[in-house]
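The structure under discussion appears below in the form of structure tokens.
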Amino acid sequence: MINPRIQNILDTLDRVKTGATSAFGEGKEDHRAALKRGLEDQGMETDSTMWSQMTGSNATITRARELMGMADPAQVQARQSMGLGLSDDKATRIGQVLGTLGSDVVQDRGRSIWWLLNAPQATANVLNDIALKKHAPDLYAADLQKGVNSFKSAVSAGLVDEKTGLTKKGVSSRKQMTGKTPGGEPIFTTEYSKRRYEPGMVESLAIPAGLAVNSSIGLLNPFGRQEGYKAVFEDEDDASKTSNAVGEVAAKYILGKTGNLLPWDEFKKVRPDVSKGEYMAYKAFKFDNDLDANPMDGDLVAPAGILKYTDEGIHGPEVQFLGRSLPIATGIMPTAAAIAGTAYGARRGGVRGGLTTGLLSTGAAMLTGSIIENERRKRNAAENGIQL
């Protein structure tokens with residue numbers, strides 16, 4: 001006969017194993033379906049922002065939120081109804097956490113977040129999405145179609161295809177229990193909702209921020225000629241020009257590649273305001289990936305050089321993200337203005353208002369940033385004894 005204490009340990013381990021096995025076997029589609037159900041139960045459009053979709057269907061994140069008491073109750077209920085909720089049994093719950101962490105590695109859930117953010121343009125899109133979700137939630141809302149509660153009425157309203165019985169584009173449905181029969185059987189009716197805005201139109205609101213950030217890192221010029229830099233495909237007679245316009249566009253737009261700094265003898269011809277010492281210091285900064293957490297020296301470098309900052313770059317104060325230069329005046333300021341302007345405009349005027357205000361804000365900030373940078377260069381040239 002097994003000792004009761006040992007039996008208790010074995011039972012506990014068995015419950016841990018059960019929880020771990022169950023959580024490890026859950027797929028991304030399971031959690032995406034739970035997210036969709038939770039949104040539908042709240043009357044929300046299921047095509048939400050990239051960030052909301054990714055984090056809302058990421059089991060590691062949703063379970064961490066639930067354990068900390070920060071989860072959306074509607075989403076918790078949706079996961080519970082699909083058998084994806086955390087167990088009330090402590091041992092089983094521990095197993096679920098362990099299984100979730102294991103499946104995160106296998107299914108690349110954690111790394112997929114990094115893949116979403118691994119370029120300045122992508123990060124700007126995510127920040128734009130978050131701002132729109134917070135300040136213009138109507139973009140992602142769906143309206144309940146009043147008076148439509150049967151298949152026939154849904155067909156008449158143009159919400160459902162009569163032949164296939166499937167809901168049409170932008171329409172979602174859910175069953176709602178409205179009562180019980182005298183015999184105790186539940187009575188259901190079907191509710192239909194239709195999204196207010198097409199997802200493609202909402203995604204077009206990324207245009208202002210995309211223009212701002214892509215312009216600042218030199219991805220909008222298919223012929224090279226970014227001031228002080230080589231083209232990706234260098235012309236043999238002039239490294240600042242491209243020898244392959246098609247390849248230049250592909251390298252910049254698809255791969256996010258930009259050319260390196262021109263050699264000093266060529267660089268000084270287009271940037272006479274920069275001294276050779278400043279040029280060499282900037283090159284050293286670009287290739288310095290050693291951790292620097294001291295802001296007093298004017299530079300900051302995150303581990304492995306993923307993120308850097310200098311207050312004395314050749315473009316003035318700038319942030320470098322994965323080797324891409326984002327000057328404060330001509331890069332970060334216009335991008336921030338684009339995001340803020342788009343969110344403000346969308347809150348007041350939907351997609352059209354967001355796009356109009358976003359583009360105007362971007363243009364104004366780019367012009368202001370250009371003026372600030374030109375004045376900085378004049379001052380820097382004067383300090384170096386150079387007359388521009």
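At a glance:
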read-out	value
All positions within region 58-75 that are of a type outside the set (D, E) and in a helix (DSSP H, G or I)	A59, T60, I61, T62, R63, A64, R65, L67, P73, A74, Q75
Residues located in region 346-371, provided they are small (G, A, S) and either over 20 Å from the mean Cα position of the chain (by Cα) or farther than 18 Å from K134 by Cβ (or both)	G349, G350, G353, S361, G363, A364, A365, G369, S370
Close pairs from region 112-129: first on the phi < 0 side of the Ramachandran plot, partner surrounded by fewer than 17 Cβ atoms within 10 Å (Cβ to Cβ) and among the charged types (D, E, K, R), Cβ under 7 Å, at least 6 apart	none
Residue check, G298 open to solvent by less than 20 Å² (accessible area, probe 1.4 Å) and farther than 26 Å from G210 by Cα	yes
In region 238-267, residue farthest from L117 (Cα to Cα) [restricted to those that are open to solvent by less than 30 Å² (accessible area, probe 1.4 Å) and among the charged types (D, E, K, R)]	E248
Residue satisfying condition, being within 30 Å of G210 (Cα to Cα) and of a type outside the set (V, I, T), within set L86, L117, L101	L117
Residue list for region 336-369, filter: touching a residue at least 24 places away in the same chain (Cβ under 8 Å) and open to solvent by 50 Å² or more (accessible area, probe 1.4 Å)	A336, A340, Y344, R347, L359, A364, M366, T368
Pairs where the first residue, in region 1-29, is more than 14 Å from L84 (Cβ to Cβ) and the second is assigned to a helix (DSSP H, G or I) and open to solvent by 90 Å² or more (accessible area, probe 1.4 Å), C-beta under 6 Å, 6+ apart	A20/L98
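The values are calculated or read from the model by the stated rules, or taken from the named source; none is laboratory data. Worth saying up front: this structure is predicted, and the values here are computed from it rather than measured. Virtual Cβ from ideal backbone geometry, glycine too; neighbours counted across all protein chains shown. Side chains included, ligands, DNA and RNA excluded: accessible areas come from the protein's heavy atoms. Shrake-Rupley method; radii C 1.70, N 1.55, O 1.52, S 1.80 Å.
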